Structures are given as C-alpha cells and as structure tokens.
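Everything below concerns the one structure shown next.
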Amino acid sequence: MKEPSAAIIPFIVSSLLLCSTVHSIIPFCASLDPPIKMIPTSWTSAFNVSLKFLPKKSQQVLNDFIQCLGETSQSNPPIYTPQNTSFPHVLLSLIKNRRYFTPTTPKPLAIVAPKHESHVQATVICAKRHGLQIRIRSGGHDYEGLSYVSDLPFVVLDMFNLRSVDMNLEDESAWVQAGATIGELYYAIGQKSKVHGFAAGSCPSVGIGGHFSGGGYGPLMRKYGLTVDNVEDAKLVNVNGIILDRNTMGEDLFWAIRGGGGASFGVILSWKIKLIRVPPKVTMFNVGRTLEEGATDVLHRWQYVAPKLPEDIFIRVGIQVKNSSQEGKKTVQVLFTGQFLGQSDKLVPLVNERFPELGLQQKDCFEMRWIESTVFMAACPIGTPIDVLLSRPKAPAIFFKSKSDYVKEPIPKHGFKSIWKKLIKIEKVWMQLNPYGGRMSEISESATPFPHRAGNLYSVQYFISWMEEGIKTTNHYIKLSRKLYKSMAPYVSKNPREALQNYRDLDIGTNLRNHTNFHKARLYGRKYFKYNFDRLVQVKTMVDPQDFFKHEQSIPPL
C-alpha cells in the first residue's frame, strides 16, 4: 500500500471523466481551473444584449416584487436584476451546462440571494402575490437547467449565501444549509473528526439542496444507504411562507422531500444529518483495463461480484473511449475505482479471492483518511490538499446531455461488444456504473420516494459532452445520446424503464409552461419514483394544491 504523501500522481482519468452526482463532465480538479480563467467577453456580449429589453409589463411586475420584498422581509435581501453589472456573472457562475448559456435562453427577472431565512419567506410570499414563478438553485447542477430557466416570468432564488454547517459530535449529527456544497460538508466533517463521515456523492461542487432532495447516492451507499436514509430532520419554507421542521410539517411531507424533489413542495432551508462512523484509514484503488487487456471479461464478471461483495467495499466502473495502441484507432477503457472501509492488507486478499479477474495488487492501493478519499473520488491527484473541497467552478465549461438506467440482470458479453461499437462511434461519451447490494437491498423501496433498491445490480449513467457551439452540433449530440439510450433497452429495467431523478432527463417526459398535467407527469413520475409517485401526488395535493411550486418535471396536485 501507499500513503497519500508517497507520491503525487495523476488520477487515471481522461477529460471525459466526470464527478459522480449531479456536475461537470471534466474531472473536478480540472474544472476548478478550466481553460477559461473568467467568463470571456465574447461569451457574454450577446448575452448582455438579450437582457436589455425587458417588456414594460415585466418591469412593472419586477418593481412591485422588489417593493414587496422590502415591505415583507425583516431586512433587504441581496437582489440582482439585469440592470446590475454583476447580474450576468451571478447567473452564469452556477450554470454547469452550456446548453443553457445562450442569448436565447430565458433569463430571470431577478436573482434573490437570501442571507437569512426570512429572505426566503419574503421571496415566496412576494412571488406568489405578484404571479412570478420561483426557480430554486443551490449548486446549479440540474442537468436540464430547471433550477435557473423557465419559459414564464420568473425569479431565481439562489441559496449560495445560506451554506453553514453546524456540527454536533456529541450526538453525531450536523445541520447543513441547502446552499452548501457536498465538498463544504465533507470539509467541515473532516475538520472536526477523523472517524466520522457522511454518505453522499463524490462531486464536491454539487449543492446540498438538490442532491439531498433527489435521494443522493455515493460510495458509502452499500454500507449506509442513500443520503436521505441518513437525514433526521429538515427545515422548509412552505407555500404560505411559513418555516416548518419535521415536527410541524408532518411525516408525509418529510417523507416526500427525502427523494421526491424538494422544489415541488417548498424551499428547503437546511437538513439535519446523522454522521456515520468511518475507520481512521480507508483504502482506495484505481485499476484500468482496455479492450486489448481483457476489459470485457473483467467487466462481465464485475456484474456478478460487485453487488455481493461485503458492504465495506464499493467498486465503481467508469467507461470511456481513448486512443488505441494501434495508430489511428480507438479503443474502450474500463476503470475500476474502489473504496474499502479498512486497510489494504485485508482488501487485497479479499478482492483476489472474490474477484481475481481484476488482478488487484498491493501497489494499486492507497491508504488515507476518509476525508482524503473524498478528494480521490473527485478525480484529484493523490496529495491534493483537502481545501480543494471548498472550491467552486466559476463558469460553464462544456455542453452535455445525460441519461440514466438500472440493470437487473447481467449484460452478456456479446451485449458489451455491441455497446463498445456504439461508444467508439460516438467517441465523446462516458458511462458510469455504480454497484448496488448491501444496505441498498435491505431498505424498502417505499421507505423514501427513491424506489431503486432491491433487485438492481447497478445503476448506469450515460454522459455525452462537446465543446463546439451551435444548435446543429447540440442537436447532433442529443440525437446520439437518444440512439445510445434506445440501444440499451434490451439490457435494462422495463415497465417502467427506471431513471434517476438526480440525473434529470426531459426526454422521458415533461410538462410545458404553466400547467402540470397529471397524465404527462405520470410518464416521468413512474420512471423516477415507480409506485411512490402516487403518494407524492397525494402529499403535493395536501401541501400545495394550487401548484405554486412547479417546473417541467414537478409533482402535480390532483
């Protein structure tokens, strides 16, 4: 085994590897210092022009809204309008997908960046009073931009100022505000304890609000379940502008926001989480195999082994296209990235007994503190200081389209060979497979709205990215993503074909404009939530019958 300080080596990833949960398509550490040091003037010139022409009616609504905020809130919250020179940078700084950074992308009338809970209350009350939609943004990682784009007059309620993390090691809990990132939460835990961690995602810049309310998964899920399986309380502003906690909101609403998407029910202010125990040292590894090195055989076997390994072991798979050793040809590389809640002297013999095809060796293993493992899982070089977890990318670097699936039966080898041909043809594509089993098979699919539990071998994410601008290019790659998704139908879940809400995909069903149609909502609702969709509708009807909190894939009232 190697200690983190033994060497600073690059994590074996290409520019297509992405952080794992709702994110940028380049490695997280690369995204902290992208080729663009700041948003170029050429990017924003046409964008700025599109902000200058606000219809008189919209201007009056905005003026009334701002006046209402001043009268309703205890103090004036920070408000950015298109007349502010900083407006484009505030809006664009948390946009992760350049598909939603164009002159024709609808812009908010204002961005409210609350610094106090009362600012959130006032925003809800005043938006409702003046007929404005609210889009709620914590980290900006919504794959389809629903947290900051709408076709109707709207304001963005941007939670980035509400990002405190209050630790209580005596009862092993913490309150974390919705505007914090996963990285900020991890960093706070690491500063206070060497034997505590938390079960959340592996992309540090993802916002807490959306990650938690969508379910939240990560490398500890086989041991401790999902993020929402470790949430004890929450604070939420409801449609009437009232702050509720678990006791006052009731168990039905508390159930709904833990995986059903908070933006359908209110504005999440903060979550109380239960910290988990981790050993002083964990072991990480990363082993890559190309097709020429037998990747197909190793991956085929992984499907049978990974979900049945002891729950202390998590082995994720990343699949990407790269240059072959044969000049002018492409191949596929399969990366096996592992986390073990223990030391390498126990891990290596265990893996070699259960999964000898991987060929794990002692030299592949790195022992480190749990907090350092979160940096490793974010695709940063070993030895990177943990304060990298506090960094936030400043501009959208790439265009992308993502989709998701669940696999219940092992894909045959000939199936993988067919998949490889499609990936090589697309080239700018990346896949991630996350094993289930362990705790994920023990929790009922109705315990939270997140239903993807027992019966799944692993989840799949498909991620296609590109750098070229233009609608023709965008349409080309979206078409390729749909073809790849269609070709996977024989190998994945059916009736419904399940999907992960945190990997938002409007292709599976959407409502348009100002009405959430139940029958249209059921198309995506069944895929995201299965039979839990019906209970979510009941909760929505109870707490927001007029459907104030809505977006293109929100939960409808009856």
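Observations
- Residue list for the stretch 371-410, restricted to those being closer than 17 Å to ALA188 by Cα, in a loop (DSSP other than H, G, I, E, B) and of a type in the set (D, E, K, R): ARG392
- Residue selected from the stretch 371-412 under the condition among the aliphatic types (A, V, I, L, M) and within 29 Å of GLN303 (Cβ to Cβ), by the criterion surrounded by the most Cβ atoms within 10 Å (Cβ to Cβ): VAL375
- Meets criteria (in a helix (DSSP H, G or I), surrounded by fewer than 16 Cβ atoms within 10 Å (Cβ to Cβ) and of a type outside the set (Gly, Ala, Ser)) for PRO307: no
- Within the stretch 506-526, residues that are farther than 17 Å from GLU144 by Cα and of a type in the set (A, V, I, L, M, F, W, C) sit with their Cβ atoms under 9 Å from residues that are open to solvent by 50 Å² or more (accessible area, probe 1.4 Å) and part of a loop (DSSP other than H, G, I, E, B), at 6+ positions apart or across chains, in these pairs: PHE518/LEU558.
- For the stretch 251-260, the condition of being open to solvent by 10 Å² or more (accessible area, probe 1.4 Å) and in contact with a Gly (Cβ under 6 Å, 6 or more places away or on another chain) holds for none of the residues.
- Among the candidates SER493, SER465, residue that is closer than 24 Å to GLY145 by Cα, of a type in the set (Ser, Thr, Tyr) and surrounded by 17 or more Cβ atoms within 10 Å (Cβ to Cβ): SER465
- Every residue from the stretch 76-122 that is among the hydroxyl-bearing types (Ser, Thr, Tyr), in contact with a strand residue (DSSP E or B) (Cβ under 8 Å, 6 or more places away or on another chain) and assigned to a helix (DSSP H, G or I): none
- Positions within the stretch 438-450 being in a loop (DSSP other than H, G, I, E, B) and either surrounded by fewer than 21 Cβ atoms within 10 Å (Cβ to Cβ) or among the basic types (Lys, Arg) (or both), in sequence order: GLU442, ILE443, SER444, GLU445, SER446, ALA447
- Members of the stretch 510-546 that are surrounded by fewer than 19 Cβ atoms within 10 Å (Cβ to Cβ) and either under 25 Å from GLY139 (Cβ atoms) or among the aliphatic types (A, V, I, L, M) (or both): THR510, LEU512, LEU523, MET542
- On inspection, ILE424 does not qualify as within 19 Å of ILE319 (Cβ to Cβ), surrounded by fewer than 22 Cβ atoms within 10 Å (Cβ to Cβ) and modelled with pLDDT under 95.
- Qualifying residue in the stretch 138-146 (condition: in contact with a helix residue (DSSP H, G or I) (Cβ under 9 Å, 6 or more places away or on another chain) and open to solvent by 40 Å² or more (accessible area, probe 1.4 Å)): no
- Residues (modelled with pLDDT under 95, among the small types (Gly, Ala, Ser) and under 20 Å from SER213 (Cβ atoms)) located in the stretch 92-138: none
- The sole residue among ASP245, ASP151 that is touching a strand residue (DSSP E or B) at 6+ places or on another chain (Cβ under 8 Å), surrounded by fewer than 18 Cβ atoms within 10 Å (Cβ to Cβ) and closer than 28 Å to ILE111 by Cα is ASP245.
- The test for being among the aromatic types (Phe, Trp, Tyr), farther than 26 Å from ASN161 by Cβ and surrounded by 20 or more Cβ atoms within 10 Å (Cβ to Cβ) holds for PHE285.
- Note on the stretch 163-221: among residues that are outside any loop (DSSP other than H, G, I, E, B) and acidic (Asp, Glu), the one that is surrounded by the fewest Cβ atoms within 10 Å (Cβ to Cβ) is ASP166.
- Assessment of the stretch 346-358 against the conditions (within 30 Å of PHE529 (Cβ to Cβ) and in contact with a helix residue (DSSP H, G or I) (Cβ under 9 Å, 6 or more places away or on another chain)) yields no matching residue.
- Total residues in the stretch 488-528 satisfying the condition of being assigned to a helix (DSSP H, G or I) and in contact with a helix residue (DSSP H, G or I) (Cβ under 6 Å, 6 or more places away or on another chain): the figure is 6.
The values are calculated or read from the model by the stated rules, or taken from the named source; none is laboratory data. Everything numeric here is computed off the predicted structure, so don't read it as measured data. Glycine also receives a Cβ, built like all others from the backbone with ideal geometry; neighbour counts cover every protein chain displayed. Heads up: the accessible areas ignore ligands, DNA and RNA and are worked out on the full protein's heavy atoms, side chains in. Shrake-Rupley method; radii C 1.70, N 1.55, O 1.52, S 1.80 Å.
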